[in-house]
Amino acid sequence: MKTYKITVNGTEYDVVVEETNGVGTPSSAPVKKAAPKAAPKAAAAPASGSQGSIKVNAPMPGKVLAIKKNVGDAVKKGDVVLIIEAMKMENEIVAPEDGTVASINAAEGAMVEAGSVLATLN
């Protein structure tokens, strides 16, 4: 048994933890853990065409709801390229400057991390 002192919202609690063998009875020997499975490789984001020099990055983690521009489309600074849902809000991801869409690096429905390259422009 191990005793821990845990503080939650400023209140201290003494907690006693007993090791078990998984069925509720104390274990007399350490339980062998199965070897961890290799994490599945994340599918590479689809890239349409070659990469451009201007990157359109995700400002926050979220889910890609819609892709509003296609490869080859001309965009002006401020034009909506994608829409990401984050914290139950739709966020328009806009072109940082004028250009042509060189690649779309995300798919509708995909989860993206903050800083991910969503598209590139030339």
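Inter-label distance, ASN122 to LYS88: 4.3 nm, where each label sits 7 Å from its Cα along the C-beta direction. Straight-line reach from LYS77: taking Cα to Cα under 16 Å and skipping same-chain neighbours fewer than 8 places apart, the aspartates and glutamates in range are GLU92, GLU97, ASP98. When VAL112, VAL17, VAL80 are compared by accessible area of protein heavy atoms, the largest-first order is VAL17, VAL80, VAL112, using a 1.4 Å probe.
Simple spin-label estimate for ASP73 and VAL16 gives 6.4 nm between the two label positions (7 Å along the Cα-to-Cβ direction from each Cα). A Förster distance of 41 Å, applied to the separation of the beta-carbon atoms of GLU97 and LYS63, puts the FRET efficiency at 0.95.
The values are calculated or read from the model by the stated rules, or taken from the named source; none is laboratory data. Since the model is a prediction, treat every value here as computed from it, not as a measurement. So basically every Cβ, Gly included, is an ideal-geometry build from the backbone, and we count neighbours across all protein chains shown. The protein model used for the area step is the full one, side chains on, heavy atoms only, and it has no ligands, DNA or RNA in it. Shrake-Rupley method; radii C 1.70, N 1.55, O 1.52, S 1.80 Å.
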